Structure formats: C-alpha cells, structure tokens
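Worksheet for the structure shown next.
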Amino acid sequence: MAQFIQEHRLLLLLVFAAVCTFIWLMRFRSRLGMKWYAALCCSVLHVVYGVFCVKAFAVLEGNPVSNGAMSLFGAVFFMPVAYWLGAKIFKRDMRIVFDLFTVPLVFTLACARVNCLFAGCCKGLVIPFIHSHTVRWPVREAELVFYAVLLAFFVIRTFKSKTNGELYPIYLMAYGVFRFVIEFFRESDHILGLFHISHLWAMLALIIGASVYFEIHNKKRKKRS
C-alpha cells in the first residue's frame with residue numbers, strides 16, 4: 001500500500017484536488033446554474049487541463065518533455081482561458097465563474113506543491129551562514145503557508161458573497177509578489193544573472209493582476225457615479 005502511494009503520489013493528489021473541486025462546485029452550483037454531472041465533468045477537466053498547462057509551460061521554458069518538469073505559472077496564466085471560454089459558451093456571468101473557480105485553482109496548485117515536498121524538487125538554496133551546509137530555505141513550505149492564508153481569505157469572502165470578479169486578479173497580484181521575493185531563495189536552472197526566469201513570470205502576473213483589478217474597480221466606480 002505504501003509503495004503504491006509512493007509510486008502514484010501525484011496522481012492521488014490530483015484525484016484529491018478533483019474531488020475537492022467537485023464538492024466546492026456542488027456547494028455553489030446554484031450561483032453557476034450547474035447540474036451535478038456538469039460539476040463532475042468540470043472538476044475532472046479542471047485537473048486534466050491544469051496538468052496540460054503546467055507541463056506545456058515547462059516545455060516553453062526550455063525543459064525537455066521527457067524529464068516530466070512542471071511550471072505552476074502555466075496554470076496561473078492559462079487556466080483562466082478555460083474559465084473565459086466556459087463562461088462565454090454556456091452564457092454564465094464571467095465574474096461568478098472566475099471567482100468560484102479561482103479557489104479550486106489555488107487549491108490544486110497547493111496540492112502540486114505538496115508533491116514537490118515528496119519529490120524533492122523546487123528546493124530552496126542552502127542557507128549560507130549555517131555551518132552544516134545542508135539546511136535549505138523552506139521555500140516550498142512557505143508557499144504552502146501562502147496558499148493556506150490565501151485560500152482562507154478567498155473561502156470566507158465567497159461564503160459571505162463579498163466577491164465581484166476580483167479574486168483571480170487578487171491571486172495574480174499576491175502570487176506575483178510572493179514568487180518574485182521567494183525566487184531569490186529558490187534553486188533554479190534558469191538563471192538570468194541575479195534573477196530566475198520565474199522572476200519575469202512573477203512580474204507579469206503582478207502587472208496583469210493589477211490591471212484587471214483596477215479595471216474592475218473603475219467600472220464599479222463609474223456605475224455608482
């Protein structure tokens with residue numbers, strides 16, 4: 001049993017993410033106008049498309065397909081394409097779709113980062129002033145704490161119906177800032193002087209998130225005036 005879990009760890013984490021996504025969508029299916037079977041299909045496709053995004057983005061970064069590398073920024077940037085298409089095709093409110101799917105997005109990425117802990121990838125740099133030279137910066141653990149705090153904030157706002165399409169841009173801004181800082185302490189093969197390629201993606205996420213966020217609030221301000 002333990003060997004099976006070890007060998008299929010990522011798959012089990014993704015199945016867990018899909019189950020939690022289904023539970024979440026069922027809880028708010030009335031807001032989405034979604035039947036249970038549609039929620040089930042969306043939950044599975046959400047994970048499948050997400051895996052495709054992170055693997056495809058890793059290839060775009062120059063990683064060979066054979067090494068199984070994944071880049072979480074692939075999901076950060078490309079998952080919203082599916083949300084936008086889904087809202088357009090099925091004529092759902094774009095703001096509701098993005099708000100309700102941002103929570104499963106963050107949760108699924110947290111599950112992927114848990115896998116990094118067990119796989120030994122995405123490690124922090126060795127802390128230089130510790131004599132043993134084996135202790136690393138806990139960048140993966142810090143990211144999981146970041147996800148936990150963000151999820152708690154998003155879930156509370158969603159249950160209180162205090163969202164208006166801004167959860168995804170808030171996530172982009174928060175994650176952009178977090179990753180930009182944490183990348184200085186992370187091991188990376190894609191080094192551009194002092195910076196990693198992920199610094200570029202983090203800045204892009206921050207810029208896109210801020211643009212969308214302020215656009216949403218400008219529209220709200222114009223409606224009030």
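Within region 22-45, residues that are farther than 18 Å from Thr108 by Cβ sit with their Cβ atoms under 6 Å from residues that are open to solvent by less than 100 Å² (accessible area, probe 1.4 Å), at 6+ positions apart or across chains, in these pairs: Arg29/Ala39; Arg31/Ile96. Inside region 2-41, residues that are of a type in the set (D, E, K, R), in a loop (DSSP other than H, G, I, E, B) and within 14 Å of Phe101 (Cβ to Cβ) make up a count of 0. Screening Gly193 against (1) surrounded by fewer than 16 Cβ atoms within 10 Å (Cβ to Cβ); (2) in contact (Cβ under 8 Å) with a residue 40 or more places away in the chain; (3) within 26 Å of Val54 (Cβ to Cβ) leaves a single unmet condition, (2). Against the test of being in contact (Cβ under 8 Å) with a residue 24 or more places away in the chain and among the β-branched types (Val, Ile, Thr), the options Val126, Val145, Val135, Val177 yield a single qualifying residue, Val177. Filtered by the rule that a residue be assigned to a helix (DSSP H, G or I), crowded, with 21+ Cβ neighbours inside 10 Å and aliphatic (A, V, I, L, M), region 48-79 gives Val54, Ala75, Val76, Met79. Selection of region 91-104 for residues being over 17 Å from Phe159 (Cα atoms) and either in contact with a helix residue (DSSP H, G or I) (Cβ under 8 Å, 6 or more places away or on another chain) or assigned to a helix (DSSP H, G or I) (or both) yields Arg92, Asp93, Met94. In this structure, does Val54 turn out to be in contact with a helix residue (DSSP H, G or I) (Cβ under 8 Å, 6 or more places away or on another chain), touching a residue at least 12 places away in the same chain (Cβ under 8 Å) and more than 21 Å from Phe184 (Cα to Cα)? Yes; evaluated as a whole, the condition is true for this residue. As a summary of the residue check, Thr158 satisfies the conditions (1) modelled with pLDDT of 95 or more; (2) within 17 Å of the chain's Cα centre (by Cα); (3) buried (at least 16 other Cβ atoms within 10 Å of the Cβ) except for the one numbered (2).
Of the residues screened, Leu100 is one that is at pLDDT 95 or above and aliphatic (A, V, I, L, M). Restricting Phe118, Phe129 to residues that are closer than 25 Å to Phe184 by Cα and in contact with a Lys or Arg (Cβ under 7 Å, 6 or more places away or on another chain) narrows the list to Phe118.
Each row is one residue, and each column tells you yes or no for (1) open to solvent by less than 30 Å² (accessible area, probe 1.4 Å); (2) within 20 Å of Leu32 (Cα to Cα); (3) at pLDDT 95 or above; (4) not β-branched (Val, Ile, Thr).
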{"site": "Pro104", "(1), (2), (3), (4)": "yes, yes, yes, yes"}
{"site": "Cys121", "(1), (2), (3), (4)": "no, no, no, yes"}
{"site": "Gly124", "(1), (2), (3), (4)": "yes, no, no, yes"}
{"site": "Val135", "(1), (2), (3), (4)": "no, no, no, no"}
{"site": "Ala148", "(1), (2), (3), (4)": "no, no, yes, yes"}
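Quick check: anything in region 170-179 open to solvent by 60 Å² or more (accessible area, probe 1.4 Å) and at pLDDT 95 or above? Looking through region 170-179, at least one residue is open to solvent by 60 Å² or more (accessible area, probe 1.4 Å) and at pLDDT 95 or above.
The values are calculated or read from the model by the stated rules, or taken from the named source; none is laboratory data. Everything numeric in this text was worked out from a predicted model, so none of it was measured. So basically every Cβ, Gly included, is an ideal-geometry build from the backbone, and we count neighbours across all protein chains shown. Just so you know, the surface numbers come from the protein's heavy atoms only, side chains and all, with ligands and any DNA or RNA stripped out. Shrake-Rupley method; radii C 1.70, N 1.55, O 1.52, S 1.80 Å.
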